[in-house]
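S.K.: Here it is: the structure, laid out below.
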Amino acid sequence: MKFGVFDHVDRGDVPLAQHFDNRLRLAEFYDHNGFHAYHVAEHHGTPLGMASSPSVFLAAVIQRTHRLRLGPLVYTLPLMNPLRLVEEVCMLDQMSHGRLELGVGRGSSPYELAYFGVTAEESGGLYKEAYEILMQGLQSKTINFEGKHYRFKDYPVVLECVQKPTPPIWYGLSAPAAVPWTAENGVNIVCNGPSSNIRPITDRYREVWAGTARSSARPLPLLGMGRHIVIAETRKDALAAGKRGFDRWYASLQHLWRVHGNPMKHYPIPEDFMAALDAGILLVGTADKVAEGLQREIEIAGVNYVLTRFAFGNLSYEESLRSATIFAQEVMPRFTSEPSYA
């Protein structure tokens, strides 16, 4: 079982420069305490994400860490010229000495896409073409591509990655129907929502993976789920901090949707704090209770990777560090072997 960290880098109450400083200090902690990777979201025009240029933020994280793997989860491909993205990915992988984890996606918010002149309808086509160009650029010295949205001829790729043929690829999944492409290509996945909804995805992934030639030559890719985690010495203190942070985070999550008069009603994480807690999506309490809940969630979901969220909403740096410290010292050591997926 591996543990990583997912971070929206969403806006809290402190000044923005201090906000970034705090996240970099937390990244140093993750680096020194056995976390596998630090995954950062990309968002625009919303308090949900202050790392609107993941490459810039990750370049700073690289300078503060030595072992921690890191990367975007995800780069929003329809919003970026794929030639520039090829070069940035190569730069980050070289600067980190081969620690980059490469998440890609089409973008989850139609409002953020629209700010850049991209419609939800055309985002899929842009994503597919950009992904093809990105993979070509990371594995060859020349890019030639003729598509509906992009046309490149004999573009020289003068940069390269440390990791061959590419850094590990990540993709977000919400339904079993989308699994085959990821499993057939050895792509790591991450899911949100109740564990019972995640289990059909991980079961399907293992089924498809077992039928591929890759399965005999390399380990099963990482099948991850995200969980907000708040730990304190008492359940009362953890609940108070968790509710405050979660409510602010959810307000940021809904911000653009509410501005446009269309609040999300079918997001896999419920807006009500207690409902999210009861669903096991939030793990809040003492170390023992969090470990107990996490064990249950892992076994139900069938995952081999948990993306923890210690910093969210208006939780203070000290509160986030407290949760991460107790988790690293008292919870992680309990998960040293592969769980039994009943």
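S.K.: Going by the structure shown, is THR336 at pLDDT below 95, among the β-branched types (Val, Ile, Thr) and under 29 Å from PRO200 (Cα atoms)? Step through it out loud before you land on a result.
M.R.: Numbers: at pLDDT below 95: yes; among the β-branched types (Val, Ile, Thr): yes; under 29 Å from PRO200 (Cα atoms): yes.
Here the answer is yes, as THR336 does meet what is asked.
S.K.: Return the residues of region 74-108 that are open to solvent by less than 10 Å² (accessible area, probe 1.4 Å) and among the hydrophobic types (A, V, I, L, M, F, W, C); say none if nothing qualifies.
M.R.: LEU77, LEU85, VAL86, VAL89, CYS90, LEU92, LEU100, LEU102, VAL104
S.K.: For region 128-151, enumerate the residues that are in a helix (DSSP H, G or I), open to solvent by less than 40 Å² (accessible area, probe 1.4 Å) and either acidic (Asp, Glu) or more than 26 Å from TYR38 (Cα to Cα) (or both).
M.R.: Within region 128-151, GLU129 is the sole residue that qualifies.
S.K.: On to the next question. Consider ASP154 against the criteria (1) assigned to a strand (DSSP E or B); (2) modelled with pLDDT under 95; (3) of a type outside the set (A, V, I, L, M, F, W, C): it satisfies all of them except one. Which criterion is unmet?
M.R.: Of (1) assigned to a strand (DSSP E or B); (2) modelled with pLDDT under 95; (3) of a type outside the set (A, V, I, L, M, F, W, C), only one is false for ASP154: (2).
S.K.: Six or more apart or on different chains, Cβ atoms under 8 Å: show the pairs whose first residue is in region 132-152 and of a type in the set (D, E, K, R) and whose second is in a loop (DSSP other than H, G, I, E, B) and crowded, with 16+ Cβ neighbours inside 10 Å.
M.R.: Close Cβ pairs satisfying both conditions: LYS141/VAL157.
S.K.: Only residues that are in contact with a Gly (Cβ under 9 Å, 6 or more places away or on another chain) and either open to solvent by 30 Å² or more (accessible area, probe 1.4 Å) or in a strand (DSSP E or B) (or both): list them for region 164-183, please.
M.R.: So the first thing to find is which residues in region 164-183 are in contact with a Gly (Cβ under 9 Å, 6 or more places away or on another chain), and the list is 167-172, 174, 183.
Matches in region 164-183: PRO168, ILE169, TRP170, TYR171, GLY172, SER174.
S.K.: Between residues in region 56-73 that are over 13 Å from MET91 (Cβ atoms) and open to solvent by 40 Å² or more (accessible area, probe 1.4 Å) and residues that are outside any helix (DSSP H, G or I) and not hydrophobic (A, V, I, L, M, F, W, C), which pairs lie under 7 Å by C-beta distance while being six or more apart or on different chains?
M.R.: ARG69/HIS36; ARG69/ARG99; ARG69/GLU101
S.K.: Give me the helices (runs of 4 or more DSSP H) completely within region 193-297, filtered to those with at least 3 residues that are under 22 Å from GLY4 (Cα atoms) and within 22 Å of the chain's Cα centre (by Cα), ordered by residue number.
M.R.: Per the criteria, 195-210, 235-259.
S.K.: Right, another one. Can LEU307 be described as crowded, with 20+ Cβ neighbours inside 10 Å and under 22 Å from HIS39 (Cα atoms)?
M.R.: On the way: crowded, with 20+ Cβ neighbours inside 10 Å: yes; under 22 Å from HIS39 (Cα atoms): yes.
Yes: the conditions hold for LEU307.
S.K.: Among (1) under 30 Å from GLN254 (Cα atoms); (2) in a helix (DSSP H, G or I), where does LEU83 come up short?
M.R.: The failed condition is (1).
S.K.: Then there's this: Would you pick out the residues in region 18-55 that are in a strand (DSSP E or B) and in contact (Cβ under 8 Å) with a residue 40 or more places away in the chain? I'd like the intermediate steps shown before the answer.
M.R.: Let us first name the residues in region 18-55 that are in a strand (DSSP E or B), namely 37-40.
Result: ALA37, HIS39.
S.K.: Now for a different question. Anything in region 109-127 that is among the hydrophobic types (A, V, I, L, M, F, W, C), part of a helix (DSSP H, G or I) and open to solvent by 40 Å² or more (accessible area, probe 1.4 Å)? List them, or say none. Full working, then the answer.
M.R.: First pass over region 109-127, keeping only residues among the hydrophobic types (A, V, I, L, M, F, W, C): 113-114, 116, 118, 120, 126.
Next, only the ones that are part of a helix (DSSP H, G or I) stay: 113-114, 120, 126.
ALA114, ALA120, listed by residue number.
The values are calculated or read from the model by the stated rules, or taken from the named source; none is laboratory data. Note that the coordinates shown come from a computational prediction; the quantities given were computed from them, not determined experimentally. Note that each Cβ is placed from the backbone with ideal geometry, even for glycine, and that neighbours are counted across all protein chains shown. Please note that ligands, DNA and RNA were not included when accessible areas were found on the heavy atoms of the full protein model with its side chains. Shrake-Rupley method; radii C 1.70, N 1.55, O 1.52, S 1.80 Å.
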